[in-house]
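To start, the structure under review is shown below, and the notes come after it.
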Amino acid sequence: MDSHDQEAVAAVRAVFDQVIADGLAPESVTGATDEQVEAYAAAQGVTAVPAAVREVLRLIGVDHGLWQVGSSFGVDAVGRDAKRYAQAALAQDGGAIRDPGGLLVLVMHQAYAFHVVDGADLGHPDPPVWLITEGEPARLAWRSVTHWFDSMGPDVAAYRTRLEVMAELGGWMPPWARHLRPSGTGRAL
């Protein structure tokens with residue numbers, strides 16, 4: 001791993017560590033192995049996975065907990081079909097992606113919106129992330145994978161506030177509560 005890859009990995013890890021420090025229970029997410037990441041890439045027909053993408057998948061690539069709630073994300077959830085759907089939307093509506101055949105899909109939301117890395121950028125450690133939305137031209141949405149990961153991170157404080165209000169109202173514990181550590185403890189709820 002060269003120094004640029006190390007910097008990308010450290011930047012992604014810093015985002016993750018901050019969310020954990022904010023109160024996300026680390027046991028609520030499961031990372032992928034390198035073998036699972038390679039299978040994910042192969043299913044999409046790519047041979048290179050940028051260092052920042054690989055690190056995101058190593059951290060949350062099997063069970064993403066509160067990251068990307070409601071969207072398909074991870075080594076088992078995004079594959080060949082997601083790429084075909086993204087390419088179809090791109091072919092219909094265009095955009096400035098230089099290598100659509102080599103793009104890597106990170107997220108699929110209900111088969112109409114996709115977060116992708118341009119195939120032309122797969123050799124970069126922390127490449128930009130594009131948004132492909134059916135009916136619209138593709139657009140550069142995040143300047144890097146690290147920025148994308150940071151912007152997609154769960155707002156732990158907001159989740160905690162909702163949980164406190166629910167508790168005050170005598171409500172039931174929602175399933176997502178297990179993803180949070182109670183204030184002042186190291187264990188999940």
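Please get the size of the charge dipole for the chain, origin at its Cα centre, with Cβ charges of +1 on Lys and Arg and -1 on Asp and Glu, quoted in debye to the nearest 20.
Here the chain has a charge dipole of around 360 debye.
What is the Cα centroid distance between segment 1-50 and segment 99-151, reported in whole angstrom? Using only Cα atoms, the two centres lie 16 Å from each other.
About the centre of its Cα atoms, segment 77-189 shows a dipole size close to 380 debye [charges on the beta carbon of Lys, Arg (+1) and Asp, Glu (-1) only; nearest 20 debye]. Scoring 150-163, 69-82, 169-182 by mean Cβ neighbours within 10 Å over their residues and listing the highest first yields 69-82, 150-163, 169-182.
Using a cutoff of 8 angstrom between alpha carbon atoms and counting only pairs six or more residues apart, the relative contact order for the chain works out to 23 percent.
Relative to the longest principal axis of the Cα atoms of the chain, helix 34-43 runs at roughly 50 degrees.
For segment 8-71, the Kirkwood hydrodynamic radius from C-alpha pairs, put into Stokes-Einstein at 10 °C and a viscosity of 1.306 mPa s, yields a diffusion coefficient of 129 µm² per second. Dividing the Cα radius of gyration of segment 103-144 by its Kirkwood radius returns 0.96 for Rg/Rh. Taking all protein chains as present, what is the carbon and sulfur share of the accessible area of the chain, in % to the nearest whole number, probe 1.4 Å? Within the chain, the accessible surface is 52 percent carbon and sulfur.
Each Cα pair of segment 72-152 feeds into the Kirkwood radius, which the Stokes-Einstein equation turns, at 4 °C and 1.567 mPa s, into a diffusion coefficient of 106 µm²/s.
Summing charges over all other residues whose Cβ lies under 12 Å from the Cβ of residue 75, with Lys and Arg as +1 and Asp and Glu as -1, gives -3. Ratio of Rg to Rh for the chain: 1.01 [Cα atoms; Kirkwood radius as inverse mean 1/r over pairs].
Normalising by the residue count of segment 1-100, find the relative contact order in percent from Cα pairs under 8 Å and 6+ residues apart.
On the way: 83 pairs, mean separation 28.5, N = 100.
Relative contact order of segment 1-100: 29 percent.
Between helix 51-60 and the chain there is an angle of about 40 degrees, using the helix long axis and the longest principal axis of the Cα atoms. Averaged over residues, the count of other Cβ atoms within 10 Å places the peptides 114-127, 83-96 in the sequence 114-127, 83-96, highest first.
In degrees, nearest 10, range 0 to 90: what is the angle between the Cα axis of helix 80-93 and the longest Cα principal axis of the chain? With both axes taken from Cα atoms, the answer is about 70 degrees.
The values are calculated or read from the model by the stated rules, or taken from the named source; none is laboratory data. Please read these numbers as outputs of a predicted model, since none were measured by experiment. Positions of Cβ are generated from backbone atoms using ideal geometry, with glycine treated the same way; all protein chains shown enter the neighbour counts. The accessibility values were calculated without ligands, DNA or RNA, using every heavy atom of the protein model including side chains. Shrake-Rupley method; radii C 1.70, N 1.55, O 1.52, S 1.80 Å.
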